Each structure stands twice: as structure tokens, then as C-alpha cells.
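Each remark here refers to the structure printed beneath this line.
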Amino acid sequence: MALALLGSHYVYVSTIGDKMELSCVLIELKSGSLEKVQEWANFILANEEEAIATLAHEKVTIESFFLIDIGGVDYLI
């Protein structure tokens, strides 16, 4: 288990046994970029089958993202 600062992003990575890797990244959004993030999320949802196929090819079983506000600043997790 490790927490590291990668550029301006905090990254948490953990390996469970020899089969699962978990990572979590906190990304501060640039001012005015929220609309672009929402467009990206809508694109992924509109192309769900292709997104799922891509994740399966990358051996990703679960991928989630969350939009949060901390002190008036938008972040993706």
C-alpha cells in the first residue's frame, strides 16, 4: 500500500494478493474545465459498450470516477 504525489495528483495504490490492484487519484480540475469533464462523462455513457470492451481488454473489472467539491474547488477521484 502506498500514497504518493505524482505531479499535482495524489495516487493511492494497493495490491490485494496477487490478483487485484487498486488505485485512487485525486485530480484538481482547472478553472473552467468542469463542462469538458461533463462532456467526457456523457461520451462514456453514450458509448458504454465500447467503453466496457476497452476496460475488459485492459483487464479492468471496476472503474469509477467521482466529482467532488472541496472548498469551492472541483476535483475528480
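The values are calculated or read from the model by the stated rules, or taken from the named source; none is laboratory data. Note that the coordinates shown come from a computational prediction; the quantities given were computed from them, not determined experimentally. Note: ideal-geometry Cβ built from the backbone for every residue, glycine included; neighbour counts use all protein chains shown.
Laid out as a table, the results:
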| read-out | value |
| --- | --- |
| So ILE52, is it modelled with pLDDT of 75 or more and surrounded by 11 or more Cβ atoms within 10 Å (Cβ to Cβ) | yes |
| Residue within region 29-49 that is surrounded by 12 or more Cβ atoms within 10 Å (Cβ to Cβ), modelled with pLDDT under 90 and in contact with a helix residue (DSSP H, G or I) (Cβ under 8 Å, 6 or more places away or on another chain) present | yes |
| Lone unmet requirement of (1) surrounded by 10 or more Cβ atoms within 10 Å (Cβ to Cβ); (2) of a type in the set (A, V, I, L, M, F, W, C); (3) without any contact (Cβ under 8 Å) to a residue 40 or more places away in the chain for LEU26 | (3) |
